[in-house]
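The values are calculated or read from the model by the stated rules, or taken from the named source; none is laboratory data. Worth saying up front: this structure is predicted, and the values here are computed from it rather than measured. Glycine also receives a Cβ, built like all others from the backbone with ideal geometry; neighbour counts cover every protein chain displayed.
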Amino acid sequence: MAGPTHNLNWLVEAVEERLPLSESSPVWVRHGVVGPEGAPTLLPHCHINCEFGIWFEGEGHILGEAEKCFHRAGDLFLAGPGVTHAAQITRYPVDYATVHFHPSLLVEMGPAADGLRALRRFTARQTLSQRVVRPASGLRTQLTALFRNIVQEWESKRIGREFRLRTLLLEQLVLLLRWEEEKGCHIGAKGMEVDWQPVARALAYLREHYADPVYSKDVASGAGLSESRLKALFREALGMTWVKYLQLYRIHRAAALMSGAHRNVTEAAFAVGFESLSHFNIVFQDCMGVSPKQWLQRPASPPLPKSSINAGPTLPENSRFSVE
């Protein structure tokens, strides 16, 4: 189902998904139908949240760094913070739904061990073929129905929507994890002794102080940990160091600023906490796969027809098409 892809030009157009997620409102749902108008779909992006998606109709490929994986109707896709990916359509229309959620949701809604186990299914280091899941027929039917219920709940905007969205998402994850466990698949099971609460405090500190000089002792103090414990715990919980998380957060903030009206590299670099433009350029290249200059010079693409996307945020003018 998966294979290598050596052409990484699609990374040049990688953008950040900036959604209004927070600990108090941790779920955002996107649903749409993409027809055959225009060029083949390709919207590379990454973000600092988790996402869980399905295609109800259509076929294509998911691209992830040097991998390419076939994706058909009924297949699932899971991504964690900092996972750059794109989708390329080969059969239209594509009717899709994607649930974006804040990582803290999985711990707050249940026992710490179960919450962390579910979170690590998204954040653990894994191949693209492990992120694209083809469930058995019966499970696929159940998950498809739950995704449609989530879309319906999201679009209804009725009282109690937040509760229902969380409940439906958690039900999906329980079904998926139990099915994988029965198959002997235990992605992310290592490190289940992690205590999420200090990690959550560390994340809150980083989000609040990302534009300031940030030192290990300060993050550790904010999390109530020693510096060595912070380093180990953060990596176990999110699959990356706190420094890498902070770099991704800063770079994605900077990319969003540069996509705005001013499009100024220097101003964006200093606004998100970098003290050196040369260091910013190096980190940007490492995180986004292109330099800030290439980011600014990437060609604009035609906007997606208004009729093809529902219940989602406005796409940047420089994006291609939104399919996940």
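Kindly indicate the residue of the range 255-275 that is of a type in the set (S, T, N, Q) and touching a helix residue (DSSP H, G or I) at 6+ places or on another chain (Cβ under 8 Å) and also modelled with the lowest pLDDT among those meeting that condition.
In this case the residue turns out to be 264.
For the subset of the range 204-238 comprising residues that are acidic (Asp, Glu) and over 21 Å from residue 79 (Cβ atoms), which member is modelled with the lowest pLDDT?
Checked the range 204-238; the qualifying residue modelled with the lowest pLDDT is 208.
Has the range 99-119 got any residue that is touching a Leu at 6+ places or on another chain (Cβ under 7 Å), closer than 22 Å to residue 60 by Cβ and either at pLDDT 95 or above or of a type outside the set (S, T, N, Q) (or both)?
Yes, that holds for at least one residue.
How many of the residues making up the range 51-81 are crowded, with 21+ Cβ neighbours inside 10 Å and not in a strand (DSSP E or B)?
2
Could you grab me the full set of residues in the range 153-188 that are under 21 Å from residue 136 (Cβ atoms), loosely packed, with under 14 Cβ neighbours inside 10 Å and among the small types (Gly, Ala, Ser)?
184
Out of all the residues in the range 65-84, is one or more at pLDDT 90 or above, on the phi > 0 side of the Ramachandran plot and touching a Phe, Trp or Tyr at 6+ places or on another chain (Cβ under 9 Å)?
Checking the range 65-84: at least one residue is at pLDDT 90 or above, on the phi > 0 side of the Ramachandran plot and touching a Phe, Trp or Tyr at 6+ places or on another chain (Cβ under 9 Å).
Restricting attention to the range 164-203, and to residues there that are more than 20 Å from the chain's Cα centre (by Cα), closer than 30 Å to residue 222 by Cβ and assigned to a helix (DSSP H, G or I), which single residue is modelled with the lowest pLDDT?
Going through the qualifying residues, I end up with 197.
Quick grid of which residues meet (1) under 29 Å from residue 86 (Cβ atoms); (2) charged (D, E, K, R); (3) in the same structural domain as residue 253 (by TED's automatic domain parsing):
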position: 130; (1), (2), (3): yes, no, no
position: 144; (1), (2), (3): yes, no, no
position: 166; (1), (2), (3): yes, yes, no
position: 203; (1), (2), (3): yes, no, yes
position: 209; (1), (2), (3): no, no, yes
position: 219; (1), (2), (3): no, no, yes
position: 225; (1), (2), (3): no, no, yes
position: 240; (1), (2), (3): yes, no, yes
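Filtering the range 62-98 down to residues that are farther than 25 Å from residue 118 by Cα and of a type outside the set (S, T, N, Q), which residue is nearest to the chain's Cα centre (by Cα)?
Step by step, filter the range 62-98, then rank; the result is 66.
Report whether or not residue 133 is touching a residue at least 12 places away in the same chain (Cβ under 8 Å), within 30 Å of residue 66 (Cα to Cα), of a type in the set (Val, Ile, Thr) and crowded, with 17+ Cβ neighbours inside 10 Å.
Yes; evaluated as a whole, the condition is true for this residue.
Suppose we filter the range 90-103 for residues that are farther than 15 Å from residue 54 by Cβ and surrounded by fewer than 22 Cβ atoms within 10 Å (Cβ to Cβ); how many remain?
Matching residues across the range 90-103 total 4.
Considering only the range 208-222, state which residues are under 25 Å from the mean Cα position of the chain (by Cα) and surrounded by fewer than 17 Cβ atoms within 10 Å (Cβ to Cβ).
Listed by number, the residues that qualify are 208, 209, 210, 211, 212.
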